[in-house]
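Everything on this sheet refers to the single structure shown next.
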Amino acid sequence: MEATTEKLQELGAFVLAGAREPHQLCVMAEMIRAACNYRWVGIYKITRGDFVIVAKTGKCPPAYPRFPTTQGLAGAALESKQSIMVADVHKDPRYLPTFGSTQSEIVVPVITESEKVVGLIDVESEKLNAFTEADRDFLEHAAFLISRALK
């Protein structure tokens, strides 16, 4: 947990330094990915009723770089303003496939201090049951930090 606290401090300092540009958002996604050795991290921003990817790790684009805020696990996270952890995406009818090899996913809404959802962090794994409460806690803290960059 100490290592992730340090990574959150680094992420917070980066955001507070004024990081807002697309390449800086990609650095944030990579910081989140590297902190817990996640396979893939995407950061989406809400734009005109859609989730639009603004940053991701790796070279492969997701199957849905833009989709309505009413769809998928992301839509459910937006509506509830709660993180959603799915141990087996193939058992959840809300799942929108990002990569064919994904087995589990966690979707964390990015919420501003004024309680407005402005985006989300999507983390995917090739393993079943890949995410724990520690992952949820880390990603919720990261989402709060990056909310300043997505405004």
Exercise. Using the Kirkwood formula over every pair of different C-alpha atoms, what hydrodynamic radius in Å results for the chain?
Worked result: 15.0
For this session: Measure out, as a whole number of angstrom, how far apart the alpha-carbon centroids of the stretch 73-95 and the stretch 34-67 sit.
Result: 15
For this session: Ignoring everything but the protein chains, give the 1.4 Å probe accessible area of Cys60 in square angstrom, nearest 10.
Result: 90
For this session: Could you check how many percent of all C-alpha pairs in the stretch 109-151 are farther apart than 12 Å?
Result: 59
Exercise. Among Leu25, Leu145, what's the order by accessible area (1.4 angstrom probe), most exposed first?
Worked result: Leu145, Leu25
Problem set entry | Largest-first ordering by accessible area, 1.4 Å probe, given options Asp88, Asp122, Asp137 | Asp137, Asp88, Asp122
Exercise. How do 45-53, 126-134 rank on mean C-beta neighbours within 10 Å, highest first?
Worked result: 45-53, 126-134
Problem set entry | Relative contact order for the stretch 38-151, counting Cα pairs under 8 Å that sit 6 or more residues apart, in percent | 26
Problem set entry | Sequence of Lys116, Lys7 when ordered by accessible area, the most exposed leading, probe 1.4 angstrom | Lys116, Lys7
Exercise. To two decimal places, what compactness ratio does the stretch 69-132 give when its Cα radius of gyration is scaled by 2.2 N^0.38 Å?
Worked result: 1.09
Problem set entry | Over the stretch 1-88, equivalent-ellipsoid semi-axes from the Cα gyration tensor in Å | 23, 16, 14
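The values are calculated or read from the model by the stated rules, or taken from the named source; none is laboratory data. All figures in this text were calculated on a predicted structure; none of them were measured in a lab. Here Cβ is always computed from backbone atoms with ideal geometry, including for glycine, and neighbour counts include all displayed protein chains. Calculation scope for accessible area: heavy atoms of the full protein, side chains included, ligands and nucleic acids excluded. Shrake-Rupley method; radii C 1.70, N 1.55, O 1.52, S 1.80 Å.
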